[in-house]
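Data block below; observations after.
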Amino acid sequence: MDAIQITLPDGASREMPRGTTAAQVAAQISPRLAKEALVARVDGGLIDLSQPLDRDVKLSILTAKDPEAVQVFRHSAAHLLAAAVLELYPNVKLGIGPPIENGFFYEFVREAPFTPEDLEKIEAKMHELASRDIPNERKLIPKAEALELYRKSNQEFKCELVEEKAEEPMVSFYTTGKFVDFCRGPHIPSTGRIKAFKLMNVAGAYWKGDEKNQQMQRIYGACFVEQKQLDEYLRRLEEAKRRDHRRVGKELELFAVSDLVGAGLPLWLPKGATVRRQLEEYILEREREAGYQHVYTPDLAKVDLYKRSGHWEHYHEDMFPPMELEHEELVLRPMNCPHHILIYKSKRHSYRELPVRLAELGTMYRYERSGVLSGLSRVRCMTLNDAHIFCTPDQIKEEFSGVMRLVERAYRDLGITQYSYRLSLRDPANTEKYVAGDEMWALAERVLREALDSLGLPYKEAPGEAAFYGPKLDIQLSDVMGHEETYSTIQIDFHLPNQFDLSYIGADGREHRPVMIHRGVISTMERMTSYLIELYGGAFPTWLAPVQAVILPITERQNEYAATVRQEVFSAGIRVELDDRNEKLQAKIRDAQLQKIPYMLVVGGKEAEAGTVSVRHRSRGDLGPKPMAQFLADLRQEVDSRALDTPASAAK
Ligand code: TSB
Ligand code: ZN
């Protein structure tokens, strides 16, 4: 027999006839594996289960437990989508159709937009094609033939892909019934197992992501191997939508956007402004404790300042264009560092004064592209909890640890428990984005790594994510949709001190160059507020809540007593409202609950007589009557200790 050796992941080796397929191997191992198999891995690459094996190989049979196999499954689902669309709308032109996180998409050009009803029809067609269990078959055809095939069917985008991608004379195609796609594969054997999917939406996209190209419609689908995974995903998505800060921000009147003001320029409404004010006061207090000095500096400066700093050369694309007046060019600042540097430089410094820690809730402006703007989390005008530490090289490590302590303390007080560390490094090849100086970069990177290692912090590395002037440690949080962003950041900078010729007088009486640490502890007020809104689903811990208590008189007869209660609570420094509308108590409670106000103080005839309030908490429910003094003392304690409701219960 012409045999080959097939080695399985457990090390066992089998002799099989040449031409055996992975599917046959799976069947030999167990009927269950044969049923669950999706694709195979040979010597590192993925292949179809039906592809004959013609040499000795290491083979693994992959099932839904393997994330790569699930992506293959999703890719096959994308083909199924295209097949269904072509059956229903034979004249559409095809773009690309890859798997993505949690699903897939396929791109089409069609004059009429796909409507929700179209999506329903397409989904039904996909189910129909799936139930026919049509095989996905791989074919190799000559490139010229492939081009001819696509030319005949007017698939110009596919022609372009074949032209560009196919280096070999033969190109691989996959057919699913009548549907034929130029595709490297691999795919799952047939359509029958694709059941757990849902078409989610249609979005515009340019061919190859280039706005000069033709606009296409992308149909997105969610897709899993098992129905219960899809159900769970859709449930999580619903929950995420419910907590989406853009939605909650509107419902709870925290912030608004206006077309007339412009994209990425949110307006803080009174309630949102109150939350922000709490955050600001909180972090300023922590910084005062930690030896920071607070400054105020203007939001704009001459372009020359940014030419000197290097922003003009390396950060230009992210800045608003300059404005000219009286023969000067001014520009909105994209960062606060240069202003702080000039404050440092406004006097001479001795080594004894170092570290100098200059902090500011600094407002800055960045030209974020309209496509990436999102609510409060990515904006064009933002106020950063910023500081620049000027220190000696010996002090870097201790300063770094000091910032880490601030971050940990702030996260604890804000209830943030899930985060990861990212060491953001430059991409040495990208000279446009990063300042030159291999030695300087290597040193800054080494200092950062040492600081991280001495604190024992686990981190992942991200080349190409450094600031233009130096590497940084970023702290990453994910929003409800699982999208990760940088919040806290600590950056080591040897570049700007040079550019501005900064110095301090050392113990030797000579001038030395200080090092700069740029750091943001709670990020921008915008981004942090967006995170907290989602973390708490709008039910902020009492110390942050815009309204901490609301007085609810049962009938108009208690309005007077209610007003004195309100006054007393207000005098105790609590943010309080009085709901004396002529409404039923139930309606008032419902509204307060929707507003996620932590405490509702119900006052009826009994309470008025006894000088008490009946306390109701938004998540703990009815807490019974309490004398005013006791309620206020408890509440003060809760606010001062910044007690946290657990997010899960708070969000109910
Ligand atoms: C820390 N010069 C430093 C500063 O001294 C600096 O500006 N660093 S930064 O560019 O990384 O920005 C600081 C933080 O601002 C980021 O870590 C991020 O949390 C936040 N941020 C950046 N861009 C935006 C944006 N478009 N919208 C909201 N927040 C943003
Ligand atoms: Zn800075």
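Restricting segment 466-487 to residues that are under 14 Å from the mean Cα position of the chain (by Cα) and within 15 Å of ligand 2 (Cβ to nearest atom), the residue that is nearest to residue 341 (Cα to Cα) is 474.
The combined condition, being assigned to a loop (DSSP other than H, G, I, E, B), crowded, with 20+ Cβ neighbours inside 10 Å and either of a type in the set (S, T, N, Q) or touching a helix residue (DSSP H, G or I) at 6+ places or on another chain (Cβ under 8 Å) (or both), is not fulfilled by residue 382.
For (1) of a type in the set (A, V, I, L, M); (2) modelled with pLDDT of 95 or more; (3) surrounded by 17 or more Cβ atoms within 10 Å (Cβ to Cβ), each residue gets a yes or a no:
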site	(1), (2), (3)
532	yes, yes, yes
543	no, yes, yes
590	no, yes, no
615	yes, yes, yes
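Inside segment 306-339, residues that are within 14 Å of ligand 1 (Cβ to nearest atom) and of a type in the set (A, V, I, L, M, F, W, C) make up a count of 5.
Test residue 203 against the criterion of being assigned to a strand (DSSP E or B), at pLDDT below 95 and not charged (D, E, K, R), and give yes or no. It is true that residue 203 is assigned to a strand (DSSP E or B), at pLDDT below 95 and not charged (D, E, K, R). Selection within segment 338-365: residues that are within 13 Å of ligand 2 (Cβ to nearest atom) and in a strand (DSSP E or B). The member of this set that is farthest from residue 513 (Cα to Cα) is 364.
Might you let me know whether segment 112-126 holds any residue that is aliphatic (A, V, I, L, M) and buried (at least 19 other Cβ atoms within 10 Å of the Cβ)? Yes: segment 112-126 contains one or more residues that are aliphatic (A, V, I, L, M) and buried (at least 19 other Cβ atoms within 10 Å of the Cβ). Every listed requirement among (1) hydroxyl-bearing (Ser, Thr, Tyr); (2) in contact (Cβ under 8 Å) with a residue 60 or more places away in the chain; (3) assigned to a strand (DSSP E or B) is met by residue 76 save one, (3).
Of everything in segment 569-588, what is surrounded by fewer than 18 Cβ atoms within 10 Å (Cβ to Cβ) and outside any loop (DSSP other than H, G, I, E, B)? Give them in sequence order. Matches in segment 569-588: 570, 571, 585, 586, 587.
The helices (runs of 4 or more DSSP H) found entirely in segment 95-177 that carry 2 or more residues being over 38 Å from the mean Cα position of the chain (by Cα) are 143-152.
Residue check: residue 335 meets all listed conditions (1) in contact with a helix residue (DSSP H, G or I) (Cβ under 8 Å, 6 or more places away or on another chain); (2) in a loop (DSSP other than H, G, I, E, B); (3) farther than 21 Å from residue 435 by Cα but one, namely (3). Checked against the criteria, residue 377 counts as within 13 Å of ligand 1 (Cβ to nearest atom) and either surrounded by fewer than 18 Cβ atoms within 10 Å (Cβ to Cβ) or more than 20 Å from residue 297 (Cβ to Cβ) (or both). Can you name the residue in segment 267-310 that is without any contact (Cβ under 8 Å) to a residue 60 or more places away in the chain and in a strand (DSSP E or B) and, of all such residues, is surrounded by the most Cβ atoms within 10 Å (Cβ to Cβ)? Applying the filter and picking the extreme gives 268. The residues of segment 481-495 that are buried (at least 21 other Cβ atoms within 10 Å of the Cβ) and hydrophobic (A, V, I, L, M, F, W, C), listed by number, are 490, 492, 494.
The values are calculated or read from the model by the stated rules, or taken from the named source; none is laboratory data. Remember, predicted model here, so these are calculated numbers, not experimental data. Cβ sites come from the backbone with ideal geometry, for glycine too, and all protein chains shown count toward neighbours.
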